[in-house]
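The values are calculated or read from the model by the stated rules, or taken from the named source; none is laboratory data. Nothing here was measured: the structure is a model prediction, and the numbers come from that model. Positions of Cβ are generated from backbone atoms using ideal geometry, with glycine treated the same way; all protein chains shown enter the neighbour counts.
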Amino acid sequence: MKLWGGRFTKEENQLVHNFNESLSFDQKFYHQDIRGSIAHATMLAKQGILSEEDARAITDGLEGICRDLDEGKLVFTKEHEDIHSFVEAVLTERIGEAGKRLHTGRSRNDQVALDMKLYCRDEIDEIDGLVKALLEALYAIMEENLDTFMPGFTHLQKAQPVTLAHHMGAYFEMFVRDRSRLADIRRRMNTCPLGSGALAGTTYPLDRAYTAELLGFDGPTLNSMDSVSDRDYVIELLSALSTVAMHLSRFSEEIIIWNSNEYRFVELDDAYSTGSSIMPQKKNPDIAELVRGKTGRVYGALVSILTVMKGIPLAYDKDMQEDKELTFDAIDTVKGCLALFTGMIATMTFRKDVMEESAKHGFTNATDVADYLVNHGVPFRDAHGIVGQLVLHCLEKGIALDDMTLEEYRAVSPVFEADIYEAIRMKTCVEKRTTIGAPGRQAMEQVLAVYKEYLGK
Ligand code: ARG
């Protein structure tokens, strides 16, 4: 049965119905739809637009529908166009006349705008929790690895020594910003569109501020045409989720590299790796690869919604129904990625010895040799040249800077003394970097204290 059957004389063609319907996917937010309807009925009763009796019957009826859907006692049937029509039809079937009064002073246009906002808001809260859990896992790794030395890279070439805590700290910063982006979006979107009607408000004396309050919004939206056609917050959310996915993808890429036979910096837990059907020796980082790969779907959703919205005139147009599947998919994808990724890094083993050994053998302390010379009065440009010669010498002999004899050092520059070895030890190189943001223990401890407070530990 159609909500709008009255004006029509022909039965709807089945193909048209299938093309037009959204129940197959907007059933996902039946909780939000029902929550919104209960608030609407409560407000209508407060304003005397609906009798207390009808409002009670509606509220009880809606709660019963919600319970039955949760428990699988009520199932969605294809003949309904969307979740709004479905709920209203079942309600009327169950409670009679009162059910038909629920839609007073409301349109599906402001109803769907509300449902989508409520859904996105609920999901933002869930995603925020998942990002926080990831930050907790990162924090635990950082706390344990303030002295785990590893090479820091630029151009994927060993550059200078850092620590594992410092490297993880870079991702900690990224995910903190992701959370703050989500919080910004939540704050900006937190106004209630209900009461905007189809596009021009209604003639009923609604108390929109009251409905907004019942649903936990900061207040009602201020323009009814904007209210039914605004999907900016969906775009912002998909953009923030794209950034989360991008961060997870970069991190996954590093884990894939670190897990490779060549690097062996990490060992993935068996539970988070998979084998090969033909090569018995394989232990593949499928989870990290999938997280990296799924990023494409999330970006795709963002580009889709931007494209859907770019040409539609005010106010509501059916194009906007296209916002749902892609948003749902992007949200579910990012939630899945966050949960799996956190599990993967929390169970992963870091091969500290391999990391440190790797840092030793990439001339990562070359800058520190130059700094040593500068501290002994040699101009930096000259020091750079001297160290270049030392590196060449080491490369020929297949040794590290730490392995050269003092004679070999002095043959290139008489400035070198026996204290050069202490000056270029990995530990010294890192510890000397004490300005805030650097990997030295002193700086890292300050940063960890900030993170601890941030996480409410
Ligand atoms: N399923 C529709 C959507 O998702 C609900 C709003 C329908 N409104 C309308 N005037 N046909 O956008």
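Tabulated data
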quantity	calculated
Residue check for Thr77: in contact with a Phe, Trp or Tyr (Cβ under 9 Å, 6 or more places away or on another chain) and without any contact (Cβ under 8 Å) to a residue 24 or more places away in the chain	yes
Filter result (at pLDDT below 95 and part of a helix (DSSP H, G or I)) within region 337-366	Glu356, Glu357, Ser358, Ala359, Lys360, Ala366
Condition check for Thr148: surrounded by fewer than 19 Cβ atoms within 10 Å (Cβ to Cβ) and among the hydroxyl-bearing types (Ser, Thr, Tyr)	no
Residue check for Leu290: more than 30 Å from Gly197 (Cβ to Cβ), part of a helix (DSSP H, G or I) and modelled with pLDDT of 95 or more	yes
Residue check, Phe8 at pLDDT 95 or above, among the hydrophobic types (A, V, I, L, M, F, W, C) and either within 21 Å of Phe328 (Cα to Cα) or within 15 Å of the ligand (Cβ to nearest atom) (or both)	no
Failed item, numbered, when Ala301 is tested on (1) in a helix (DSSP H, G or I); (2) within 13 Å of the ligand (Cβ to nearest atom)	(2)
Contacts under 8 angstrom Cβ, first residue in region 93-122 being in contact (Cβ under 8 Å) with a residue 24 or more places away in the chain, partner assigned to a loop (DSSP other than H, G, I, E, B) and polar (S, T, N, Q), 6 or more apart	Gly105/Thr202; Arg106/Thr202; Ser107/Ser196; Asn109/Ser196; Asp110/Ser196; Ala113/Ser196; Arg121/Asn190
Every residue from region 228-238 that is in contact with a helix residue (DSSP H, G or I) (Cβ under 6 Å, 6 or more places away or on another chain) and not β-branched (Val, Ile, Thr)	Arg231, Tyr233, Glu236, Leu237, Leu238
Filtered residues of region 258-276 (kept if in contact (Cβ under 8 Å) with a residue 24 or more places away in the chain and in a loop (DSSP other than H, G, I, E, B))	Asn259, Tyr263, Arg264, Phe265, Leu268, Asp269
Residue in region 331-350 that is among the aliphatic types (A, V, I, L, M), within 14 Å of the ligand (Cβ to nearest atom) and under 26 Å from Ser227 (Cα atoms) present	no
Unmet criterion (only one of (1) within 16 Å of the ligand (Cβ to nearest atom); (2) within 18 Å of the chain's Cα centre (by Cα); (3) not acidic (Asp, Glu)) for Met309	(2)
